[in-house]
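Working notes, beginning with the structure itself.
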């Protein structure tokens, strides 16, 4: 072997080794991200690790192609509005700064890009995510049924966030049941879905549970269009199970009974209840949007606006609410966004939701997209769903996994 051949062999082997180590680093970053989703302290580092892996994988060179993805466009537009709002905002006045959580949506871009580029990465990531997700569910089930605790206190997951995570799981497993190739797989996914719905009923999150049931019924309805009989059986069975759980579940009955109690207090002029606080903050929020309908009050200002406005708005009928509950958000995604960025923000949020639907539709998953979007919109009617801890990135990860899985099927 000549000296030139030896040199070329050495360079080739060196390149192969570097490619191999790069791929190991990328897979490690993706897997670590699946674990970090559930831990506040590690999520920040996981995002930068994932971004570094994406850049190493040539992400910047392929960005023009990536930006064609509908959901990538929606996230970039929405996060750009959040950043631009700082120009007329005054976020230093408040210690909450929950609006920063909107930037977590950006994690979808490197995660999806890395997963979509190489199908060999999919099994590693999907299996890791399923294992971690299943472990969280088992932990939550143990803490409720054995220890009598709601949420997952061991991982600092509140009952609202855990209920939302369960809701995403219910919708996803119903979809997986409907696309299963065998009857046994179909029955397993339906069984898992029913167990998660049972656990969600015991969390006491009313709106999220309602959003889950509506989204599930929508999914069953659309997925069974070709088989009318099966569609009716599926919807009837799901509604029957939901009604049975509602009638026998003491936690949900107690939560529902609070609505009439809160309404009675409102009639007496007492807004220091869960329902009363929401009605008050929506009232002030809508008034604030009317004052600044085009660009809102700026990033970070809405919290300060509420506490100031309660002292004089409608002769001060809400003046005690800041002491009743610390102001952190407006308990509605659209009002929250409208208060920060006005009509500009509302249009950006609508574009984000529409883009979320488009990425499913373009990959022949329109029915699932409608169910997910319905879930996001309904869950955000009485709370700021997009500001929930962990939930939006988990939903984005599931979106990326399902879209990449569908593309691999379409390409085969």
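Quick rundown of the values:
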{"read-out": "Helices (runs of 4 or more DSSP H) completely within the stretch 30-135 that count 2 or more residues being touching a residue at least 12 places away in the same chain (Cβ under 8 Å) and touching a helix residue (DSSP H, G or I) at 6+ places or on another chain (Cβ under 9 Å)", "value": "40-56, 70-84, 108-117"}
{"read-out": "From 155, 149, residue being touching a helix residue (DSSP H, G or I) at 6+ places or on another chain (Cβ under 8 Å), within 27 Å of residue 32 (Cα to Cα) and modelled with pLDDT under 90", "value": "155"}
{"read-out": "Listing of helices (runs of 4 or more DSSP H) fully contained in the stretch 271-346 that carry 1 or more residues being farther than 28 Å from residue 83 by Cα", "value": "274-291, 321-324"}
{"read-out": "Residue selected from the stretch 178-195 under the condition modelled with pLDDT under 85 and more than 25 Å from the chain's Cα centre (by Cα), by the criterion surrounded by the most Cβ atoms within 10 Å (Cβ to Cβ)", "value": "186"}
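The values are calculated or read from the model by the stated rules, or taken from the named source; none is laboratory data. Quick caveat, the model's predicted, so the values are computed rather than measured. FYI the Cβ positions are ideal-geometry reconstructions off the backbone, even for glycines, and counts take in every protein chain you see.
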